[in-house]
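What follows is a short report on a single structure.
The values are calculated or read from the model by the stated rules, or taken from the named source; none is laboratory data. This one's a predicted model, so the numbers in the text were calculated from it and none came from an experiment. Ideal geometry is used to build each Cβ from the backbone, glycine not excepted, and the neighbour counts take in all protein chains shown.
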Amino acid sequence: MIILIRYFMLLMLSLQISGNHSIYNDNLTGGKELYAKHCLPCHQAEGSGVPGMFPPLVNTEKVIGQPDSLIRIVLFGLKGPTEVAGQIYTQEMPAAGHLTDPEVAEILTWIRSSWGNKATAVTSKRVAEIRLKGN
Amino acid sequence: MKPLKQLFLAVCLGASVIPFSCRGNAPSDKNPGDNGGLTLPTGFSAVIFADKLGQGRHLAVRNNGDVFLALSRLKNGKGIAALRDKNNDGIADSTLFFTDSPSTGLEIGGDFLYFSNYKEVYRVHLSKNGLIPAEAAVLIAGGFPDQTQHRDKAFTLDGAGNLYVNVGAPSNSCSQPDRSPGAPGIDPCPQLERHAGIWKFRDDKPGQDQVADGHRYASGIRNSIALAWNQSVNKLFVVQHGRDQLSLYPEVFSEKESAELPAEEFFEIDDGDFFGWPYCYYDPVRKIKLLAPEYGGDKNAVGRCADAEDPIMAFPAHMAPNDLLFYTGSMFPEKYRNGAFIAFHGSWNRAPFEQEGYYVVFIPFTGGKPSGEVEVFADGFAGVDFVKSPDDAKYRPMGLAQGPDGSLFVSDSREGRIWKISYTGSK
């Protein structure tokens, strides 16, 4: 009986693996693709973040306000408590300075115009200037 | 069957230390009643004991039935809710708040309520009839490092005069920098000196300090806010939050492997045990502790992990075990006696795949060892079939506590709901 149950479970396992799907199974391009690779694991597919751990990116001044501080966060990371939508987040965000200027610009432009966000594009020229200036 | 249950079955099958089928209850077995939105095995029912208390964490029930809920964000400026069911209808009708700091850990020990914030553990005397304490709280153990992740100093008591405090790791896997692509691990990891373990103290001695007075009881545990003393075998058990983000090493791990490989581990602890963090993670399919990529791991190398203690059971990755309870009541049927309930808060680190967890499981124990199949005991917290991101979940199971009548209380971290689960079937 146990062998039968195990055989059934193995079948389920193989079905599960073949049936598993990514939320993004369409062809990704530009900012959306870069977001999925570098940001989505923490900030999630719809920019909702994780309650108590990682802040949301939707309709918050830190994302849709003037872009310089947002560029700084991505290039140099963020330490210390930060408040978003009335919640305090303490976990450090790692710097993503390994991304190129155009990549940072594409990601931020995409974030600033997704999930209901409607903010101006970020240029790679501005990213380069801020990178040069340092944190 | 939902993919969620399939994953659970698959990983349980691979990891089981005993030949059990690891079957959750089929939906047809469930009680069709409302049960406050939960699905439960036949014979069980639930009521909403309290609701909208804030961001709930652990909870504790006094032997007079009063319930205390820790809050991770102050509500009315206070960090603990106290609730009383005065007319004994299963629903709280009196609620008061006290203490000035947010908290997670909470337990009753004798006539005292023990509670912790991010740096200290306190206890306060409970009067015979008062719902909230009239006396000032006394610091029992402190000097713990404040930290920006895994901050909760959750704890448990052994009933024999000792307090065991979890100090989580202040990082994912002790790399420099933390959580950055390809970053190497610091070797040896200096974080192990003050973090990533369980520290033991006296439960009645005021003003103890982690370094001066604490005994490092176990180490190499990344974070285990799910910890409980098993009275039937007089031992400490914890369930670890396993590491995140193997995908930071894309030359070794695929996104799917990152989502599924590093198991949540269930540990039985003896004094002095070392469980492997940050050097190791546990592969639940191959049932082996492997070297982490920060320390040269390539998905196959074992290295120093051969010396780390193995889990007694492994669960699917990232499900976030947030509380553990060994059932000692007599209300539930015999198979539940001395068995383990675990609240899985639910994952975030499976993105872009569907998230997992968001339920309470039960594992029967005999002689202090798992002795039967894992079952999903209480489900339906999320309120949706498909959790893409944790924010989709309406409720998330967080804390567990046993009532004096043997009922099981479960708290939620999103809205501050508390369910009281009772057995009403025939035995």
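At-a-glance table
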| quantity | calculated |
| --- | --- |
| Options B:K335, B:K388: the member that is outside any strand (DSSP E or B), among the basic types (K, R) and within 14 Å of chain A (Cβ to nearest Cβ) | B:K388 |
| Residue within the range A:85-93 that is buried (at least 21 other Cβ atoms within 10 Å of the Cβ) and in a loop (DSSP other than H, G, I, E, B) present | yes |
| B:P177 of a type outside the set (D, E) and modelled with pLDDT under 95 | yes |
| Residue among A:T109, A:T90, A:T82 that is at pLDDT 95 or above and either in contact with a strand residue (DSSP E or B) (Cβ under 7 Å, 6 or more places away or on another chain) or of a type in the set (S, T, Y) (or both) | A:T109 |
| Which listed residue is within 14 Å of chain A (Cβ to nearest Cβ), over 30 Å from B:Q402 (Cβ atoms) and of a type in the set (K, R), from B:K256, B:K299, B:K287 | B:K256 |
| Which listed residue, of B:D323, B:D298, B:D307, B:D271, is crowded, with 16+ Cβ neighbours inside 10 Å and not hydroxyl-bearing (S, T, Y) | B:D323 |
| Search result, residues across the range B:211-250 that are among the charged types (D, E, K, R) and either in contact with a Pro (Cβ under 6 Å, 6 or more places away or on another chain) or modelled with pLDDT under 95 (or both) | B:R243 |
| Strands (runs of 3 or more DSSP E) contained entirely in the range B:69-149, each with at least 1 residues that are among the aromatic types (F, W, Y) | B:94-98, B:112-116, B:121-125 |
| Matching option when the condition is within 16 Å of the chain's Cα centre (by Cα), without any contact (Cβ under 8 Å) to a residue 60 or more places away in the chain and either crowded, with 16+ Cβ neighbours inside 10 Å or in a loop (DSSP other than H, G, I, E, B) (or both), among A:V104, A:V127 | A:V104 |
| Residue in the range B:170-188 that is at positive phi and crowded, with 22+ Cβ neighbours inside 10 Å present | yes |
| Residue within the range A:70-83 that is buried (at least 19 other Cβ atoms within 10 Å of the Cβ), more than 13 Å from the chain's Cα centre (by Cα) and at the interface with chain B (Cβ under 8 Å from one of its Cβ atoms) present | no |
| Residue satisfying all of: in the range A:38-50; of a type outside the set (A, V, I, L, M) and closer than 10 Å to B:S389 by Cβ; surrounded by the fewest Cβ atoms within 10 Å (Cβ to Cβ) among these | A:E46 |
| Conditions (1) surrounded by fewer than 24 Cβ atoms within 10 Å (Cβ to Cβ); (2) touching a Lys or Arg at 6+ places or on another chain (Cβ under 9 Å): number failed by B:G399 | (1) |
| Restricting the range A:107-124 to residues that are among the β-branched types (V, I, T) and either part of a helix (DSSP H, G or I) or in contact with a His (Cβ under 6 Å, 6 or more places away or on another chain) (or both), the residue that is surrounded by the fewest Cβ atoms within 10 Å (Cβ to Cβ) | A:T109 |
| Residues that are more than 16 Å from B:F344 (Cα to Cα) and either away from chain A (no Cβ under 14 Å) or not in a loop (DSSP other than H, G, I, E, B) (or both), drawn from the range B:396-416 | B:Q402, B:G403, B:P404, B:D405, B:G406, B:S407 |
